[in-house]
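Scroll down for the structure; my scribbles are underneath it.
Taken together, the values in this text are just the output of simple stated rules run on the coordinates, not laboratory data. Nothing here was measured: the structure is a model prediction, and the numbers come from that model. Cβ: placed from backbone, ideal geometry, glycine included. Neighbour counts: every protein chain shown.
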Amino acid sequence: MKLSLRTIVLLVIVFSVYLMSKSLAGASGLSGGSMEYSRDTTSGWEHLPFDANDHFMTSGNCDGCHGYDPTGYASVDGEGNDISPVTTWRAGMMANSGRDPFFRAKMSHESAVNPQHQAELEDKCTSCHAPLGRYSYHLYGYGPYGLSDLEHDRMGQDGVSCMACHKQTDQFLGSNHSGELHFAEEMIEYGPFEKPLQAPMQGFVGVSPEYSPHITDAGVCAGCHSLLTSSVDLQGNFTGTTFVEQATYHEWLNSDYSAEVGGTTCQGCHIPRVTDQVVIAANYQVLQPRSPFGKHELVGGNSFMLKLMKENRVELDIRANEVHFDSTIARTLRNLQQLSLSAVLEFDGAGNDTAFFSLKLRNLTGHKFPSGYPSRRAFVEFVVTNQYSDTIFSSGLMDNDYNIVGENATHEPHFNVISSSDQVQIYEMVMGDVNGNVTTVLERAYSPLKDNRLAPRGFTATHPVYDTTAIAGNALADTDFNFDGFEGSGTDVIHFHVPVSGEHDTLSASAKVYYQSVPKKWLQEMFATNTPQITAFESMFNTADHTPVLVASDLVSGIPVSLSVAKQDLNNISIYPNPSKGLVYLKGINSKEVKRIQVYATNGDLVQSFTSYPTAGIQLPSESGVYLILLQIDGKREILRVVRD
């Protein structure tokens, strides 16, 4: 039988790979154990762990082909830049989710508060932070997987490793949540390219690459980025209710970015694609280049924790060096500062010794901003100075310890109008316990006291997943929160009323939006508890750089206050009660000046219309939801929002 040249080449490759894999197995212990990694202290290169069982293997097994190629042949873009998946992944939050000291401290905190739930709590947390280790335990029939197991398990410490995503099947795609993941029974990994050359990967690591379009579906992310926790009271008794700790995937569904509308998936932003022709594996000259190629950057906004882990990488046994971290931090800051938020500040006029400013913020992401873990927040610093650079008004300033000056001891409410220095706009989700008090213990979270995080474009209160992504607190009554002529604008406008009595020249105003992923205030409850993991994290936290990240800013200057045109202030008009059982009234309105009052549903349907103020009140429709009331008064238009229970 005569063999073709291609067949001969493939046979040579397979035989060579077989010999290499046998050599590697003998060195690494894959034939019966696992290799202890070695630390190269001269180069600073940390070797990724080699470990494998019947279900998974760690990233060290993937690094040889999908990591940095010193020949510059594979995993490089058109300009020769290294874009290898393992290299770009290894210093990120997902790669180090199992070693993350904040995660370990918080998991120990939850267990210390309710020790009777420790096994269930830790098994739930590790299902996303250490999925390969946790699911290996369960697939082998062992009990719950916890912190003590993670401490000695390289599989779990490898975090959200390659197989945590690429071995997930399309079973219940998009419906999985709270750490519920479904993995293929066979040793296969799904990829986005059709007709993969299987022999090298099968021979070298015993895994078959398979094409499946679901690997680029946002539903792959849903299992961990839609998380419900079972609520307990202060005695640890279950209430029978659940709390939405995070619903980033659902926020994306309730946006113009979702597959039904815009088609920009999670991977489209967090694994950005290049159209260059890229050889996707090293050591095989016969491989044809592929396109598009996904850069496994997987960054969000947590530059603070990346910097903390970089400074403590030896103590945390992290397998990435300074160069890896610096690259990942730079990509994270670019994501925060260029792709997250825009800010436009305007001077709206002056009158009655008051200068009026408006700051419009626009969410540029495909989910809420901030999103994810409840500790994350963004806040606005607003400062007005006179011609002598003297500050005449400020809101949201930070002290030398990076605490917000004037911040409420419990939590700051959402503001539509800010007229005092002790009022600060903070975009965040605040958890409340069964008694309605602020808590940072996730298991005690019963309902959100506040959620005014900026909604993504296209977000509506009528979407099927609104129950897991709902706005909470004063933002519900803010007429321009996620509303700019239509619901789903992804914007918010803050109105600043600044006293300017005695100022007769020019003013300047600046607005800056800062982001914090782990504010000091949020950690106070945890730091009051003593565990080895909390003590270790607190030591790292106290020596870390706590400077918030400036996300967006704008400035207006040369404002001639004395020549400004007076502005009629309609912001004192409000609706009560709000939320309402159906009948509402307007407070602070001059009924003689009313020209028209119209009530709209959020889909734009006109519900009611009046040509004068109805003294008997305005009766809302029987259907629950958000309604918009348009006022026309003395040539001015104002839109108020009311919630119908």
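Some observations on this one:
- Annotation: aspartates and glutamates with alpha-carbon distance below 12 angstrom to K592 (same-chain offsets under eight excluded): D634.
- Relative contact order (%) - criterion: Cα under 8 Å, at least six apart; region: the chain: 12
- Cα-based reach from K581 at 17 Å (exclusive), listing aspartates and glutamates while leaving out same-chain residues under 8 positions away: E623, D645
- Cross-link pairs K167/K195; K595/K636; K307/K450; K368/K520; K307/K520; K450/K521 - those with Cα-Cα distance over 19 Å: K307/K450; K368/K520
- Inter-label distance, nm, simple model (7 Å from Cα along the C-beta direction), Q235/S539: 3.9
- Between region 241-311 and region 356-383, the Cα center-to-center distance that results, in Å: 22
- Listed from fewest to most Cβ neighbours within 10 Å, the set S421, S161, S59, S489 follows the order S421, S489, S59, S161.
- Ordering L583, L359 from the fewest to the most neighbouring beta carbons within 10 Å gives L583, L359.
- Amide H contacts of S161 (H built 1.01 Å from N, under 5 Å, at least 5 apart or other chain): L132
- Cα-based shape type of region 164-276, given that a ≥ b ≥ c are square roots of the gyration tensor eigenvalues and the cut on a/c is 1.5: oblate
- Using alpha-carbon coordinates, inclination of helix 5-28 to the longest axis of the chain, degrees: 80
- Within region 433-455: backbone nitrogen closer than 18 Å to the A528 label point (7 Å, Cα to C-beta): 433-446
- Y140 versus A470: modelled label distance in nm, points set 7 Å from Cα along the beta carbon direction: 4.4
- Pairs of Cα atoms in the chain fall into 10 Å distance bins, from 0 up to the last occupied one, in shares of 3, 14, 23, 24, 17, 11, 6, 2, 1, 0, 0 percent.
- Calculated from backbone phi, Karplus (6.51, -1.76, 1.60) coupling profile of region 618-633 in Hz, x at Gly/Pro: 10, 8, 7, x, 6, 6, 5, x, 9, 10, 10, 10, 9, 9, 10, 10
- Cα-based shape type of region 443-585, given that a ≥ b ≥ c are square roots of the gyration tensor eigenvalues and the cut on a/c is 1.5: oblate
- For F50, the residues whose amide H sits under 5 Å from its own are M35, ignoring neighbours fewer than 5 places away on the same chain, with H placed 1.01 Å from N.
- Averaged over residues, the count of other Cβ atoms within 10 Å places the peptides 401-412, 464-475 in the sequence 464-475, 401-412, highest first.
- With respect to the chain, whose longest principal axis is taken over its alpha-carbon atoms, helix 118-129 is tilted by about 80°.
- Peptides 330-336, 375-381 ordered by average Cβ neighbours within 10 Å, highest first: 375-381, 330-336
- Sequence ranges 232-240, 621-629, ranked by mean other-Cβ count within 10 angstrom, highest first: 621-629, 232-240
- Cβ crowding within 10 Å, taken as a proxy for footprinting-reagent exposure, orders K595, K295, K581 from fewest neighbours to most as K581, K595, K295.
- In the chain, the longest principal axis of the Cα atoms and the axis of helix 101-113 are about 70 degrees apart.
- Inter-probe distance in nm under a simple model that places probes 7 Å from Cα toward Cβ, at S622 and N437: 4.2
- Residue-by-residue Karplus 3J(HN,Hα) for region 195-206, coefficients 6.51, -1.76, 1.60, Hz, glycine and proline x: 6, x, 6, 8, 4, x, 5, 5, x, 7, 10, x
- Table column - 3J(HN,Hα) (Hz), region 295-301, Karplus curve with 6.51, -1.76, 1.60, x for Gly and Pro: 7, 7, 6, 6, 9, x, x
- Cα centroid separation, region 92-107 to region 437-506 (Å): 30
- Gyration tensor (alpha-carbon) shape descriptor, region 340-563, a/c threshold 1.5: oblate
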